[in-house]
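A short worksheet on the structure shown next.
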Amino acid sequence: MNKDGLNNKKKVSLFKRSMSINIGLILVLIMLVPAIFPQFISTHSYTEVSFEEMLQPPSSEHLFGTDNYGRDIFSRVVWSTRIDLTIGVLATIVPFITGCLLGLIAGYYGGWIDDTLMRILDIFMALPFMVLVIAIVAILGPGVRNLYIAIWIVGWKYYARLVRSEVLLIKNSEFIQAAKVLGYSNSRILLRHVLPNTLSSSIVFAASDVVMCMLTGASLSFLGLGVQPPIPEWGSIISDGRAFISSAWWVTVFPGIALIILGSGFSLIGDGLSDILRTKGR
Amino acid sequence: MNKILEVKNLETNFFGKTEVVKAVRGVSFNIYEGETFGLIGESGCGKSVTCRSILRLIRDPGKISGGSIIYKGRNLLELSEKEMTEYRGKEIGMIFQEPMSALNPVLTIGEQICEAFKDKELTKSDKEEKAIEFLKIVGIPSGRQRLKEYPHQFSGGMKQRAMMAAVLVSKPKLLLADEPTTSLDVTIQDQILKLINRLKKEFSMSVLLVTHDLGVVAEMCDRVAVMYAGKIMEIADILTLFGEPRHPYTIGLSKSIPYRGAQSERLHPIKGNPPDLSNPPKGCPFEPRCIYKEKICEEMLPELKEIKKGHFSRCHFLEKLENEKGLIKL
């Protein structure tokens, strides 16, 4: 039947349209390999100090060279992938869920619930993201766990605001009325009818937020507030290499490249998703 | 015949920041079992608000301020929100003006129809089978395939049919149809109206049809209420309303539409605009536009008087109107 022909056509155009997703996915998948199997890929131990091999340029023995303690940069970059990826994803998902639920409740019920939540949100909005994260980590003390907590406390606001504004639109739409007419309960209408219609912009934002969180994690580690040595993290490796950047460029450049690859991967996925969701919404 | 719905002195107001818009100002009517009751009037006369008030779907800043809505002996306005959900869907169903926006764009048609089955014992495939059956009833063939499609893959008329299928699933006894055909083109309009008529018999429902289209009313309704500025001006059975209307507004409406067999004469529109409902006039709301008006009309609102059995009109000068002819000859 020509029905199938139509479907085929659609699949082709979807594939074409999401070219940036495909590239993004490839980049992320490449970075997933060292994140999952660092022990098979790394050539040295990431903590092994060797004072005979300090600040050596890239060679067949040390693919990315060594740092000022003679540690193998390649192995350190490989081992950092896991922790950076985890920070990026986890520090996005938890605020995403929190923010979406709060935005949903605020938008749908309105009234004092909405007012209270939105005023709290305004307080968080008034302060820059990075400043607040650094302040919270400084109060709680450096470390990965506190880094998560800080990003969680600061990160939910975007999702709450995005979802809330969509809910305000959706809750007055005819099909929510229709759902009420069919006698559905409030929670059912909220979760099944309102929520899916509000998520698309948040999902797009989340994809780019992964990059943001990863960079935040790297920045804080750079400042010495995030991942603590001797555990390697891109930000802290870059920070270590900062002093020798004119004589030993490889210490900062390679973790930087890794950060760029993973970051662009997620950004491209975010772009592609926003394209697809925008056209689907029409 | 038994009354299925009795609306008494219904008042619905919308509370703005500076003013209160009185959209429905004491509307009363009955709907009997198995009949199609029409509610007609121009835009903004409160007919849709009346319809939505019955299901208590009035949104902020609107509020039902008075009256009672008695469905099968129970006043719906006294029920809790939870009890009300029991009535929505199962007892009273509603179809909307815009089928495009009345279906959830992110769920498939099948998911939306299946969701309407409240019986928890049905399995997913049972529900799907039944959904296909209902799609067939509303005139959508190859239901199995259609179930997997999204609303944007449906045409306007198809969406209205799918919406009806979802509403019919719980077999309501009263169907509220809020301008169900306004956004559809004429041929589809005809099909949907015939479908409503057929379903009405098949499911032994009563129908409240809200419309501004006199043609639709003529084709569908048993009895009709004419609304103007939040009040009912005339209630009559369909033949009486078109044959011997007894209210200047209804007469004006009859003269303002073209009909087959008319001599090539000009149409007579009703001049002027409806009154501002945030500040409704003390007297008859139709007075500024009425060609029969006298001094009393400005000062006193006429009562809804019974002219003959089942024919009510709200006018001071009923005797003046006795020789007026309607659209059809009786």
**OP:** Considering Cα pairs under 8 angstrom that are at least six residues apart, work out the relative contact order of chain A and quote it in whole percent.
**Re:** 27 percent
Original post:
How big is region B:251-330 by the Kirkwood estimate over distinct Cα pairs, in Å?
Top reply: 14.6 Å
Subject >> Selection from B:LEU321, B:THR187, A:ALA218 lying farthest towards where the dipole of the protein assembly as shown points positive, charges on Cβ >> reply: B:LEU321
Original post:
What ranking, highest mean first, results for peptides B:107-115, B:70-78 when packing means the other Cβ atoms within 10 Å averaged over each residue?
Top reply: B:107-115, B:70-78
Original post:
Going from most exposed to least, what order do B:LYS194, B:LYS308, A:LYS157 have by accessible area with a 1.4 Å probe?
Top reply: B:LYS194, B:LYS308, A:LYS157
Subject >> Spin-label model distance (nm) - B:ASP126 vs A:VAL94, 7 Å beyond Cα toward Cβ >> reply: 4.4 nm
**OP:** For region A:149-203, build the convex hull from the C-alpha positions and give me its volume per residue in Å³.
**Re:** 78 Å³
Original post:
Dipole magnitude of chain A about its Cα centre, charges +1 at Lys/Arg Cβ and -1 at Asp/Glu Cβ only, in debye to the nearest 20?
Top reply: 1620 debye
Original post:
Under a GNM of chain A (C-alpha, springs under 10 Å), which listed residue has the highest mean-square fluctuation: A:VAL181, A:VAL204, A:VAL227?
Top reply: A:VAL181
Subject >> Fluctuation leader among B:LYS295, B:LYS120, B:LYS305 - chain B, Gaussian network, Cα springs under 10 angstrom >> reply: B:LYS120
**OP:** For B:ARG144, tell me the accessible area in Å² from a 1.4 Å probe, rounded to the nearest 10.
**Re:** 130 Å²
Original post:
So how do A:ILE153, B:ILE4 rank on accessible area, 1.4 Å probe, biggest first, that is with the largest at the start?
Top reply: A:ILE153, B:ILE4
Subject >> Over region B:45-139, volume per residue of the alpha carbon convex hull, in Å³ >> reply: 157 Å³
Original post:
How much accessible surface area, in Å² rounded to 10, belongs to the heavy atoms of A:ILE41 with a 1.4 Å probe?
Top reply: 60 Å²
**OP:** Would you pull out the residues with amide H under 5 Å of B:VAL24's amide H, same chain only if 5 or more places away, H placed 1.01 Å from N?
**Re:** B:THR12
Original post:
How far is helix B:186-202 tilted off the main Cα axis of chain B, in degrees rounded to 10, range 0 to 90?
Top reply: 80 degrees
Original post:
Once the whole set of protein chains is in place, how much accessible area is left on B:LEU184, using a 1.4 Å probe, in Å² to the nearest 10?
Top reply: 20 Å²
Subject >> Rounded accessible area per residue of region B:3-314, 1.4 Å, Å² >> reply: 46 Å²
Subject >> Summed buried accessible surface, chains B and A, 1.4 Å probe, nearest 100 Å² >> reply: 2200 Å²
Original post:
Given the rule -39500 (n - 2.57) for each run of at least 4 DSSP H residues, summed and divided by the residues of chain B, what is its mean residue ellipticity at 222 nm, to the nearest 500 deg cm²/dmol?
Top reply: -8500 deg cm²/dmol
Original post:
How large is log10 I(q)/I(0) at q = 0.10, 0.15, 0.17, 0.21 Å⁻¹ when the Debye formula is applied to the Cα atoms of region B:172-322, each weighted equally and without solvent?
Top reply: -0.42, -0.90, -1.09, -1.38
**OP:** Assuming a ≥ b ≥ c are the square roots of the Cα gyration tensor eigenvalues, decide whether the protein assembly as shown counts as rounded (a/c under 1.5), prolate (otherwise, with a/b larger than b/c) or oblate.
**Re:** prolate
Original post:
Once a ≥ b ≥ c are taken as the square roots of the eigenvalues of the Cα gyration tensor of chain A, is the result rounded (a/c under 1.5), prolate (a/b larger than b/c) or oblate (a/b not larger than b/c)?
Top reply: oblate
Original post:
Expressed as a rounded percentage, what relative contact order does region B:3-314 have, with Cα pairs under 8 Å and six or more residues apart?
Top reply: 21 percent
Subject >> chain A: angle of helix A:144-171 to the longest principal axis, Cα-based, in degrees nearest 10 >> reply: 20 degrees
Subject >> Charge dipole (debye, nearest 20) of chain B; +1 at Cβ of Lys and Arg, -1 at Cβ of Asp and Glu >> reply: 140 debye
Original post:
Where both residues lie in the protein assembly as shown, what percent of DSSP beta bridges are antiparallel, nearest 5?
Top reply: 65 percent
Subject >> Choice from A:SER236, A:SER202, A:SER50 with maximal GNM fluctuation in chain A (Cα, 10 Å cutoff) >> reply: A:SER50
Subject >> Pairwise label distance in nanometres, B:ASP237 with A:ASP122, each label 7 Å out on the Cα-Cβ vector >> reply: 6.3 nm
**OP:** Mind checking B:103-113 for the average number of partner chain beta-carbons within 10 Å of each residue's beta-carbon?
**Re:** 4
**OP:** Let me know the charge dipole size of region B:73-222 about its Cα centre in debye, to the nearest 20, where only the beta-carbon of Lys, Arg (+1) and Asp, Glu (-1) is charged.
**Re:** 480 debye
Original post:
Looking at region A:173-221, which residues lose a minimum of 30 Å² of accessible area between their chain alone and all protein chains in place, measuring with a 1.4 Å probe and not counting ligands or nucleic acids?
Top reply: A:GLU174, A:PHE175, A:GLN177, A:ALA178, A:LYS180, A:VAL181, A:LEU182, A:GLY183, A:TYR184, A:ARG192, A:HIS193, A:ASN197
Subject >> Acute angle (nearest 10 degrees) that the helix B:124-137 long axis makes with the longest principal axis of chain B, alpha-carbon atoms >> reply: 40 degrees
**OP:** Starting from the eigenvalues of the Cα gyration tensor, five times each then square-rooted, give me the equivalent ellipsoid semi-axes of region B:3-314, largest first, whole Å.
**Re:** 36, 23, 17
Original post:
How much FRET efficiency would the formula 1/(1 + (r/R0)^6) give for B:GLU149 and B:ASN197, where r is the Cβ-Cβ distance and R0 is 25 Å, rounded to 0.05?
Top reply: 0.40
**OP:** Roll a 1.4 Å probe over the protein chains and send me the accessible area per residue for chain A in Å².
**Re:** 48 Å²
Original post:
If you roll a 1.4 Å probe over region A:65-280 with all protein chains in place, what percent of the accessible area is carbon or sulfur?
Top reply: 71 percent
**OP:** Could you tell me whether region A:193-266 comes out rounded, prolate or oblate from its Cα gyration tensor? Rule is a ≥ b ≥ c as square roots of the eigenvalues, rounded for a/c under 1.5, then prolate if a/b exceeds b/c, otherwise oblate.
**Re:** prolate
Original post:
Between B:ASN9 and B:GLU219, what is the spin-label point distance in nm, taking each point 7 Å from the Cα along the Cα→C-beta axis?
Top reply: 3.9 nm
Original post:
Which value in deg cm²/dmol, rounded to the nearest 500, describes the helix-derived mean residue ellipticity at 222 nm for chain A, given -39,500 (n - 2.57) per DSSP H run of n ≥ 4 and division by the residue count?
Top reply: -25000 deg cm²/dmol
Original post:
From the residues B:SER170, B:SER48, B:GLN145, which one has its Cα farthest along the dipole of region B:3-314 in the positive direction, the dipole being from +1 and -1 charges on Cβ of Lys/Arg and Asp/Glu about the Cα centre?
Top reply: B:SER170
Subject >> Accessible surface, 1.4 Å probe, highest first, among residues B:SER142, A:SER45, A:SER75 >> reply: B:SER142, A:SER45, A:SER75
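The values are calculated or read from the model by the stated rules, or taken from the named source; none is laboratory data. Predicted model, so just to flag it, every value in this text is computed and none were measured. Cβ: placed from backbone, ideal geometry, glycine included. Neighbour counts: every protein chain shown. The area values use the complete protein model at the heavy-atom level, side chains included, leaving out ligands, DNA and RNA. Shrake-Rupley method; radii C 1.70, N 1.55, O 1.52, S 1.80 Å.
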